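Colleague: First the structure, then my questions, so here it is.
The values are calculated or read from the model by the stated rules, or taken from the named source; none is laboratory data. For clarity, every value in this text was computed on a predicted model and none was experimentally measured. With ideal geometry, Cβ positions are generated from the backbone for all residues, glycine too; neighbour counts draw on all protein chains shown.
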Amino acid sequence: MIIPIFIPHLGCPNQCVFCNQKTITGIGEGKISVEAARTEIEDWLGRSGNGAGHELAFYGGSFTALPLSLQMKYLELADTYRKRGSINALRLSTRPDAIDPDHLKTLKAFGVSRIELGAQSFDDRVLSMSQRGHCVRDIEVSSRMILEADIDLGLQIMVGLPGDSALTDLKGVSEAFRLGATTLRIYPTLVLKGTMLEKMFLQGDYSPLTLEMAVQRVARMMEAVDAMNAEKAGSPLQLIRIGLQENEMLRGSGEVLAGPHHPAFRTLVDSYRFKAQLDQDVMRFEWRGERLEARVHSRAPGSFAGHNKSNLIHLKSNYGVVGCKIIRDDTVPEMRYVIRIIQEKDKRGR
């Protein structure tokens with residue numbers, strides 16, 4: 001279990017055009033003191049109990065850009081719980097230009113097992129237009145230093161940033177593999193109230209992705225991850241989050257001005273991927289006009305059926321499928337299915 005401690009905007013040396021950490025995390029800027037973090041940890045442990053497998057994570061800011069004295073207070077707090085066995089690892093997020101070898105030695109000594117870099121893009125033009133304050137070279141250098149310190153590397157990238165494209169999306173995926181990342185988060189760019197992107201949007205200088213466009217682009221990225229994982233030796237690149245974590249501020253009136261915001265964004269992407277597979281397989285396996293039985297992983301029935309059963313409706317309205325019974329079966333990979341025509345021989349999807 002991961003115990004998340006959000007330190008919104010703490011340590012960030014500049015203001016990116018898209019960033020409003022108060023809205024993204026649901027926590028006001030700089031409002032998590034060390035004592036507040038302690039209380040948060042105790043609350044989580046009280047609900048889940050002490051035990052192996054707990055990880056403490058500092059998210060939302062650039063941890064390694066914090067004043068060193070404050071970093072040490074957070075690290076010493078985490079170390080207290082690590083030594084007593086309440087947590088067994090620590091992870092944090094930071095900027096690519098806030099990493100150095102000596103610092104990494106300290107983090108490793110305090111049990112940091114993974115550092116997630118907010119890369120956001122692997123295109124220098126996109127980074128400049130987004131006012132990230134770092135370049136692609138910074139991402140490459142810091143990634144190498146993290147791995148040389150024997151710490152797992154995670155990357156965060158965004159779709160829909162100013163100046164980006166479907167090609168830069170796929171470049172981000174390929175670079176994550178090349179650099180040796182073990183985890184990847186993909187976030188759609190939203191126009192949030194109080195950001196520079198809001199001004200750009202209102203002035204007509206920025207056009208956000210529609211929800212449909214964002215779903216399709218992220219789906220292609222996920223397919224690329226699956227394809228590269230199939231060819232890769234060793235541990236796969238894990239997609240640990242698709243879309244922002246929903247909170248009350250994101251749901252609040254007027255906070256999200258434009259962009260592909262949806263509380264179930266990952267489900268929409270997975271549903272789109274299933275629909276694309278079904279469109280190919282209906283004709284291939286002659287399912288038109290039949291009654292079907294679909295076996296899917298226990299975590300996939302909602303995505304297979306589609307948001308508001310859109311995929312089942314699509315099968316009926318476009319291919320005359322009479323009905324489709326969904327059965328949970330954990331022997332089936334999460335983004336695949338096994339379908340048979342009821343009372344006829346099995347016909348397998350991809």
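Condition check ((1) touching a helix residue (DSSP H, G or I) at 6+ places or on another chain (Cβ under 8 Å); (2) not polar (S, T, N, Q)) across all residues:
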position: ALA264; (1), (2): yes, yes
position: VAL269; (1), (2): yes, yes
position: GLN277; (1), (2): no, no
position: ARG288; (1), (2): yes, yes
position: GLU293; (1), (2): no, yes
position: SER298; (1), (2): no, no
position: CYS324; (1), (2): yes, yes
position: ASP330; (1), (2): no, yes
position: ILE342; (1), (2): no, yes
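Colleague: When residues of the stretch 157-176 are filtered for being outside any loop (DSSP other than H, G, I, E, B), touching a strand residue (DSSP E or B) at 6+ places or on another chain (Cβ under 9 Å) and not aliphatic (A, V, I, L, M), how many remain? Give the derivation first.
Modeller: Step one: filter the stretch 157-176 for residues outside any loop (DSSP other than H, G, I, E, B), giving 157-159, 166-176.
Of the ones still in play, those that are also touching a strand residue (DSSP E or B) at 6+ places or on another chain (Cβ under 9 Å) are 157-159, 166, 168-169, 172-173, 175-176.
Then drop every residue that is not not aliphatic (A, V, I, L, M), which leaves 168-169, 172, 175.
Residues that pass the stated criteria total 4.
Colleague: Residue check: is GLY28 farther than 20 Å from ASP138 by Cα, touching a helix residue (DSSP H, G or I) at 6+ places or on another chain (Cβ under 6 Å) and either at pLDDT 90 or above or assigned to a loop (DSSP other than H, G, I, E, B) (or both)? Spell out how you get there, then give the answer.
Modeller: Values: farther than 20 Å from ASP138 by Cα: yes; touching a helix residue (DSSP H, G or I) at 6+ places or on another chain (Cβ under 6 Å): yes; either at pLDDT 90 or above or assigned to a loop (DSSP other than H, G, I, E, B) (or both): yes.
Yes, satisfied.
Colleague: With the requirement that a residue be of a type outside the set (S, T, N, Q) and surrounded by fewer than 21 Cβ atoms within 10 Å (Cβ to Cβ), what does the stretch 306-320 give you? Please lay out each step first, then the result.
Modeller: Of all residues in the stretch 306-320, those of a type outside the set (S, T, N, Q) come to 306-307, 309, 312-316, 319-320.
Residues satisfying the conditions are HIS307, LYS309, LEU312, ILE313, HIS314, LYS316, TYR319, GLY320.
Colleague: Any idea which residue in the stretch 185-240 is modelled with the highest pLDDT, counting only those that are farther than 30 Å from PRO333 by Cβ and in a strand (DSSP E or B)?
Modeller: Looking at residues that are farther than 30 Å from PRO333 by Cβ and in a strand (DSSP E or B), I get VAL191.
Rundown of residues vs (1) in contact with a strand residue (DSSP E or B) (Cβ under 7 Å, 6 or more places away or on another chain); (2) in the same structural domain as LEU92 (by TED's automatic domain parsing); (3) of a type outside the set (A, V, I, L, M); (4) at pLDDT below 60, yes/no style:
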position: THR23; (1), (2), (3), (4): yes, yes, yes, yes
position: ILE32; (1), (2), (3), (4): yes, yes, no, no
position: ALA37; (1), (2), (3), (4): yes, yes, no, no
position: ASP43; (1), (2), (3), (4): no, yes, yes, no
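Colleague: Of the residues that sit in the stretch 323-341 and are assigned to a loop (DSSP other than H, G, I, E, B) and touching a Phe, Trp or Tyr at 6+ places or on another chain (Cβ under 8 Å), which one is surrounded by the most Cβ atoms within 10 Å (Cβ to Cβ)? Before you say what the answer is, go through the steps one by one.
Modeller: First, pick out the residues of the stretch 323-341 that are assigned to a loop (DSSP other than H, G, I, E, B): 329-337.
From the residues that got through so far, the ones that are touching a Phe, Trp or Tyr at 6+ places or on another chain (Cβ under 8 Å) too are 335, 337.
On the way: MET335: 19, TYR337: 22.
Only one residue fits best here, namely TYR337.
Colleague: Report yes if LEU268 is part of a loop (DSSP other than H, G, I, E, B), closer than 23 Å to ASN308 by Cβ and without any contact (Cβ under 8 Å) to a residue 60 or more places away in the chain, otherwise no. Before the answer, list the steps.
Modeller: Details: part of a loop (DSSP other than H, G, I, E, B): no; closer than 23 Å to ASN308 by Cβ: yes; without any contact (Cβ under 8 Å) to a residue 60 or more places away in the chain: yes.
The answer is no for LEU268.
Colleague: Could I ask something else about it? In this structure, does MET228 turn out to be out of contact with any strand residue (DSSP E or B) (no Cβ under 6 Å at 6 or more places or on another chain), more than 11 Å from ALA258 (Cβ to Cβ) and buried (at least 16 other Cβ atoms within 10 Å of the Cβ)? Spell out the reasoning first.
Modeller: Details: out of contact with any strand residue (DSSP E or B) (no Cβ under 6 Å at 6 or more places or on another chain): yes; more than 11 Å from ALA258 (Cβ to Cβ): yes; buried (at least 16 other Cβ atoms within 10 Å of the Cβ): yes.
The answer is yes for MET228.
Colleague: Can I ask one more? Within the stretch 78-113, count every residue that is touching a strand residue (DSSP E or B) at 6+ places or on another chain (Cβ under 8 Å) and either under 18 Å from HIS134 (Cα atoms) or among the aromatic types (Phe, Trp, Tyr) (or both).
Modeller: Number satisfying all stated conditions: 7.
Colleague: So, GLU116, is that one in the same structural domain as CYS19 (by TED's automatic domain parsing), within 19 Å of VAL173 (Cα to Cα), among the acidic types (Asp, Glu) and in contact with a strand residue (DSSP E or B) (Cβ under 7 Å, 6 or more places away or on another chain) or not?
Modeller: Working: in the same structural domain as CYS19 (by TED's automatic domain parsing): yes; within 19 Å of VAL173 (Cα to Cα): yes; among the acidic types (Asp, Glu): yes; in contact with a strand residue (DSSP E or B) (Cβ under 7 Å, 6 or more places away or on another chain): yes.
Against the criterion (in the same structural domain as CYS19 (by TED's automatic domain parsing), within 19 Å of VAL173 (Cα to Cα), among the acidic types (Asp, Glu) and in contact with a strand residue (DSSP E or B) (Cβ under 7 Å, 6 or more places away or on another chain)), GLU116 qualifies.
Colleague: Among the candidates PHE110, PHE177, single out the residue that is within 30 Å of ARG84 (Cα to Cα) and aromatic (Phe, Trp, Tyr). First the steps, then the outcome.
Modeller: Values: PHE177 fails: within 30 Å of ARG84 (Cα to Cα).
None of the others qualify; the one that does is PHE110.
Colleague: Which of the following residues is surrounded by fewer than 19 Cβ atoms within 10 Å (Cβ to Cβ), of a type in the set (D, E, K, R), under 30 Å from LYS171 (Cα atoms) and assigned by TED's automatic domain parsing to the domain that holds MET145: ASP100, ASP79? Don't jump to the end; show me each part of the working.
Modeller: Numbers: ASP79 fails: under 30 Å from LYS171 (Cα atoms).
Residue meeting the stated conditions: ASP100.
Colleague: Also, I was wondering about something else. Of all residues in the stretch 167-222, how many are of a type outside the set (D, E, K, R) and under 17 Å from SER130 (Cβ atoms)? Step through it out loud before you land on a result.
Modeller: Residues of the stretch 167-222 of a type outside the set (D, E, K, R): 167-168, 170, 172-174, 176-177, 179-184, 186-192, 194-197, 200-204, 206-211, 213-216, 218-219, 221-222.
Remaining after also requiring under 17 Å from SER130 (Cβ atoms): 167-168, 172, 186-192, 194-197, 200-201, 203, 206-209, 214.
Of the residues in the stretch 167-222, 22 are of a type outside the set (D, E, K, R) and under 17 Å from SER130 (Cβ atoms).
Colleague: Show the residue pairs meeting these rules: Cβ distance below 7 Å; 6+ apart or different chains; first residue within the stretch 129-141 and assigned by TED's automatic domain parsing to the domain that holds ILE115 and within 19 Å of VAL159 (Cα to Cα); second residue aromatic (Phe, Trp, Tyr) and surrounded by 15 or more Cβ atoms within 10 Å (Cβ to Cβ).
Modeller: SER130/PHE18; VAL136/PHE122; ILE139/PHE122
Colleague: When the residues of the stretch 279-305 are narrowed to those that are outside any helix (DSSP H, G or I) and surrounded by fewer than 16 Cβ atoms within 10 Å (Cβ to Cβ), which ends up nearest to the chain's Cα centre (by Cα)?
Modeller: By that ranking, first place goes to ARG299.
Colleague: Look through GLY51, GLY85 and report the one residue that is outside any strand (DSSP E or B), over 25 Å from GLU255 (Cβ atoms) and modelled with pLDDT of 90 or more.
Modeller: Working: GLY51 fails: modelled with pLDDT of 90 or more.
Sole residue among the options that is outside any strand (DSSP E or B), over 25 Å from GLU255 (Cβ atoms) and modelled with pLDDT of 90 or more: GLY85.
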